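What follows is a short report on a single structure.
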Amino acid sequence: MISVDSLSVAIHSSILQDTLVQADKGPPVFKASQLASHSELPGTVMDQALQAGAPSPDWYFFTMVGLLIFVAWFRMKYGNILLRTVQTSLSFPVTQGMFNDNSILQKHLDNILYGLYFLSFGFYLVVMEHKFGFYPYGLTGFRLYLFNIAFLLALFLGRVLLIDITGHIFNQKNLLREYRYHMFTFNKLTGLIIIPFIFAIIYTNGLFRDILEWTSISLMGILLILRIYRGILFSLNRKVLILHLFLYLCALEMIPLMVLFKWISSIV
């Protein structure tokens, strides 16, 4: 006779065998677990920024401190540069006087302000590129900042070369040098006034940040309009023919913008 213990062992063995067979046929009951990465988590603004390759807050902070120290040092050494730069942008005679000065000190000040323009506006472009999710050639962070500086420098030197070539073609080298100085005055102004916007945009959020971003974009548009207006005013003041004025504006202002738009469209 089979004992109760033997029957119990047989029943348990049969149940265990059925369980193992079902386990072989179905998916595993337990899976290996691991911590979720940032890309698997929904949610916060910082998580989304990390996914997009945005610079860290430290990167923002040290860049802004460097720009502010640069401006503070320049103001202590050379006076109220912002007021003078605004005056040259709004006043044709003041700009003309600075061009006629042509001193070594004035050239030194201009070069420093051009350098500030590359540094500050390049960083502003980083902030705007992250806002709109635009990453040229997949660059992000500090590499994107260096790319922007190199791009602005190439654009600047390209305009210098284009203006010099135009002056040679029309046999108006001195006139076009003067024109170039008037136009690049707005680069110096842009490099100065954009710094407070960068600081405010970085350390605010929500609706106020959106207002600052679109205000800064509108300001860039206004400066572009003032730049074109200064070109027209310069041409009329120098009694340039209407045909030559049209050719100057097309060659020196419109064509670079069209090339820039074409390049952006090709990498989007």
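Every read-out reported here was derived from the displayed coordinates using simple, explicitly stated rules and does not represent laboratory data. This one's a predicted model, so the numbers in the text were calculated from it and none came from an experiment. Glycine also receives a Cβ, built like all others from the backbone with ideal geometry; neighbour counts cover every protein chain displayed.
Structure above, values below:
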read-out	value
Positive minus negative residues near L223 (Lys, Arg vs Asp, Glu; Cβ under 12 Å)	+3
Local electrostatic count at N102 - Lys and Arg +1, Asp and Glu -1, tallied over other residues with Cβ under 12 Å	-1
Charge tally in the Cβ shell below 12 Å around P136, where Lys, Arg are +1 and Asp, Glu are -1, P136 excluded	0
Listed peptides 85-92, 157-164 by packing density, highest first (mean Cβ within 10 Å)	85-92, 157-164
Sequence of M76, M258 once ranked by neighbouring C-beta atoms within 10 Å, starting from the fewest	M76, M258
Contour excess over end-to-end distance, with Cα ends at Q106 and I232 and 0.36 nm allotted per residue	42.8 nm
Cα-projected label distance for Y114 with L153, points at 7 Å along beta-carbon direction, nm	1.2 nm
Residue-span extension gain [F62 to I255] - 0.36 nm each, minus C-alpha spacing	65.8 nm
The stretch 51-267: relative contact order as a whole-number percent, Cα under 8 Å and 6+ apart	25 percent
From phi via Karplus (6.51, -1.76, 1.60), per-residue ³J(HN,Hα) for the stretch 170-182 in Hz, x at Gly/Pro	8, 6, 9, 5, 5, 4, 6, 5, 5, 4, 4, 5, 4
Rounded Å value of the spacing that divides the Cα centres of the stretch 78-120 and the stretch 198-224	25 Å
Lysine pair count for the stretch 51-267 [Cα-Cα under 27 Å; pairs on different chains or 8 or more apart]	10
